[in-house]
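Asker: Following this message is one structure expressed as structure tokens.
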Amino acid sequence: MNSRTCNNNMGLLDNLLGKKNKGGEMKPVLPQDIYAAGVLELKDVIAPSALKITPRELNLGDKIARTFFVISYPRYLGESWFSPLINLDKMFDIAIFVHPVETATVLKQFQKKVAEVQSQIQVREEKGLVRDPKLDTAYQDLEQLRDDLQQAREKLFDVGVYVTIYGSSEEELNQVESEVKSMLDSKLVYLKPALFQQEQGFTSVLPVANDLLNVHSKLNSSPLSSIFPFVSFDLTSDSGILYGINRHNSSLVLFDRYSLENYNSVIFAKSGSGKSYTTKLEVLRSLMFGVEVIVIDPEREYEYLANATGGRYFNISLSSEHHINPFDLPIPLEDESPADVLRSNVINLVGLFRMMLGGLTPEEDSIIDRAITETYAIKDITPESDFANIDPPLLSDFEMVLGGMEGGDVLMQKLTKYTKGSWAGFINRPTNVDINKNFVVFSVRDMEDDLKSVAMYIITHFIWNAVRKNLKRRLLVIDEAWWMMKSEDTASFLYGMAKRGRKYYVGLCTITQDVEDFLRSPYGMPMLTNSSIQFLMKQSPTSVDVVQKTFNLTDEEKYLLLESGVGEGIFFAGLKHVALKVIASYTEDQIITSDPSQILAIKRAKEELKAQEGGM
């Protein structure tokens, strides 16, 4: 018979598991017999409704299964040769059986085999025939392996590798078979179908450790180790948020940044590749887990997200009603002294004025440092003061002190535009910003380009002072971080936050499209090494070589970055990395989208709905 069919019953699964009914024959048990007996076991539930066995395949309900075994290997097996098959995006099962062989028995067989090969070589030499490279190679391999076995450097095993593929139709099954065979053929590893042994083959692949096929190849330890462990590009954990889909095997990439050695991340991508979309998706999902999120937004992309989630949105510009006073002092923590806090703030303010005034000479640096200290002094702020009950000075107070100091006239003139000129409304006001919300966004889109770096420095300094007050899981997102990397003072401050953030449970996420500017900064590489998570998205041809060198990418990974679509790239977490595709639900997409066409469609829908409500 070429085929046979069985109904769903215990006998069917018993047969597949290597069990037989009385008499050695499989006797069908009808479902009503099981019901009458009042016995229903797990195998009755998981067994297919019907089974058809043919010489080349098994029909298991709605699926067709075909089992193969590896028949031949090349002389050398490279590392991870099995990984393309393991990561194939198809449904299949693999079983590997390893049966140790006694070394003493093998050595006796090898002695006889070596003698046979050596004899053939001598016969050819006596007949004057041309040397046979195959015999010479076989002799060398046998001798080498015999030495390794004798010295216990290697062991020998009978290894069976069986693969069962599945398909919904004959055409789909043939297509998967062709793909699997061509993949292994390129490695000089050859498969054969288990003809007239499909039942035994399928049973062998089941997770019950029954090797019924018994098709083995002898492999020593070294080539056997190339099969184990399965090299599967997998990156997931038991907790965290969904970052996307693993493009290698379609598994979910779930990860918790707060489980790593530090909580920082960097995202490198060209414009339009989906970096802001990816970040907003992480922000939205992090908020669901109680993480407080603060964003510095250079393009006003997070406003809708802030409004939709009940957050706060501050537009920082020259004409804005929101102000931050850089002379504010944080309340010292329990392990900090007021003197250290005041000294640290003075140093940060010197860096700020260095940016605002276009650089300082050593003499000017000294004058600025002394003027800041005296500005605090005129407000009776000293290391002994209670910083919780002080009235901090303003920039105009600093200007007044600077004007009364020897050598401060030129500096005061440069500072005038920030106190009385066109830029006066920016920082010469008391702070009126409250970030006591789970989600806060600072937008600097409307700030003059010349002042964006200054604004981002002041905002990050204000945020840093605020988050240090109490420990909470927080995420600070700095979009277009290359603005801050342009200045050494802002880059240094950003690096300091990345290094110290773990102490205060803060994760720093820096996003940039200008990779070269970011890495050109002396703090670029230190920022990378202090970021446990990196996400490389689509890169431009002009910058991809720099990215490849920086992250030690293979040529395949380099081309993957060049050809990635929107929301695709390579996701690094600790020592692991996978090819990732970011996905969002419909509701998430409507909240976080930056696509102008989608935004216009949403606005039209809202206007139409409003018009309909007004007409009712």
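Asker: Which FRET efficiency value, to the nearest 0.05, do you get for R520 and K127 by plugging their Cβ-Cβ distance into 1/(1 + (r/R0)^6) with R0 = 60 Å?
Answerer: Between R520 and K127 the formula returns 0.25.
Asker: I need the P(r) histogram for the chain: all alpha carbon pairs, bin width 10 Å from 0 out to the longest distance, whole percents.
Answerer: With 10 Å bins starting at 0, P(r) equals 3, 12, 17, 16, 14, 12, 10, 8, 5, 2, 0, 0.
Asker: Mind listing the Cα extents of the range 78-220 along all three principal axes, in Å, largest one first?
Answerer: 60, 34, 31
Asker: Roughly what would the spin-label model give for F196 and V208, points 7 Å off Cα along C-beta, in nm?
Answerer: Distance between label points: 2.4 nm.
Asker: So for the chain: antiparallel DSSP bridges make up what percent, rounded to the nearest 5?
Answerer: In the chain, DSSP labels about 65 percent of beta bridges as antiparallel.
Asker: Go through the range 546-560 residue by residue and turn each phi into a ³J(HN,Hα) via Karplus (6.51, -1.76, 1.60, θ = phi - 60°); whole Hz please, and just put x for glycine and proline.
Answerer: Residue by residue, the range 546-560 yields 5, 5, 4, 5, 5, 9, 6, 7, 6, 5, 5, 5, 4, 5, 4 Hz.
Asker: Please find the FRET efficiency linking T431 to S251, where r is the Cβ-Cβ separation and R0 is fixed at 35 Å, and quote it to the nearest 0.05.
Answerer: 0.15
Asker: So between T416 and Q590, what do we pick up on full extension, going 0.36 nm a residue minus the alpha carbon distance?
Answerer: 58.1 nm
Asker: Can you list the residues, at least 5 places off or on another chain, whose amide H is less than 5 Å from the amide H of D297, using H built in the peptide plane?
Answerer: Result for D297 returns F442, S443, V444.
Asker: Reachable aspartates and glutamates from K275, Cα under 16 Å, same-chain residues fewer than 8 places away excluded?
Answerer: Qualifying aspartates and glutamates at Cα under 16 Å: D297, E299, E301, D479, E480, D514, E563, E568, E588, D589, D595.
Asker: To the nearest 10 degrees, how steep is helix 133-150 against the longest Cα principal axis of the chain, on a 0 to 90 scale?
Answerer: Between the helix axis and the principal axis of the chain, the angle is about 80 degrees.
Asker: Could you tell me which of the pairs K90/K558; K63/K187; K90/K280; K108/K187; K108/K218 are separated by over 20 angstrom between their Cα atoms in the structure shown?
Answerer: The answer is K90/K558; K63/K187; K90/K280; K108/K187.
Asker: Could you tell me the calculated FRET efficiency between R604 and V346, based on Cβ-Cβ distance and R0 = 56 angstrom, to the nearest 0.05?
Answerer: 0.55
Asker: Kindly flag which residue pairs out of K379/K437; K503/K581; K181/K581; K270/K549 have an alpha-carbon separation exceeding 25 Å in this structure.
Answerer: Correct reply: K379/K437; K503/K581; K181/K581.
Asker: For the chain, take the longest principal axis of its alpha carbons; what is the angle in degrees between that and the long axis of helix 409-419, to the nearest 10 within 0 to 90?
Answerer: 70 degrees
Asker: How large is the dipole of the range 495-590 about the Cα centre if only Lys and Arg carry +1 and Asp and Glu carry -1, each at its Cβ, rounded to the nearest 20 debye?
Answerer: Magnitude of the dipole: close to 660 debye.
Read the figures in this text as sums done on the coordinates, not as results from a lab. In this text the structure is predicted, and so the values were computed from the model without any measurement. We place every Cβ from the backbone using ideal geometry, glycine too, and count neighbours over all the protein chains shown.
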